[in-house]
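The values are calculated or read from the model by the stated rules, or taken from the named source; none is laboratory data. Computed from a predicted model, the values in this text were never measured in an experiment. Note that we place each Cβ from the backbone using ideal geometry, even for glycine, and neighbour counts take in every protein chain shown.
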């Protein structure tokens with residue numbers, strides 16, 4: 001079972017598929033809106049895997065390693081800071097180990113790596 005689905009079911013992490021309670025005061029704090037804004041701000045372009053590098057993205061339960069175009073780490077980290085200001089993480093009482101964008105956690109002898117998917121988009125996977 002993918003960790004993302006498991007986390008959504010167990011801890012209700014908004015970034016992993018749980019809808020949570022909507023904020024009637026400010027739609028901008030909707031976790032899905034915040035996540036979409038983060039994704040739009042990231043440069044994930046690539047042609048080969050060496051074009052990509054990992055950054056940390058904090059969800060409500062831990063760290064997800066995101067892959068972005070090498071050289072854009074500063075702007076990606078600024079976008080991550082905006083994301084953290086955008087959404088409110090309620091105390092969920094959950095945690096997960098560092099996770100790749102594919103929803104997997106590195107096991108023994110594995111690691112999370114940045115790769116170029118189909119020669120167009122940086123992403124992180126467990127290898």
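Some values worked out for this structure:
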item	result
Criterion (more than 24 Å from residue 126 (Cα to Cα) and modelled with pLDDT under 90) met by exactly one of 1, 32	32
Where residue 117 falls short, out of the listed (1) at pLDDT below 95; (2) in contact with a strand residue (DSSP E or B) (Cβ under 7 Å, 6 or more places away or on another chain)	(1)
Selection count where residues are part of a strand (DSSP E or B) and at pLDDT below 95, scope the range 80-114	1
Looking only at the range 40-79, and only at residues there that are modelled with pLDDT under 95 and touching a strand residue (DSSP E or B) at 6+ places or on another chain (Cβ under 9 Å), the one that is surrounded by the fewest Cβ atoms within 10 Å (Cβ to Cβ)	58
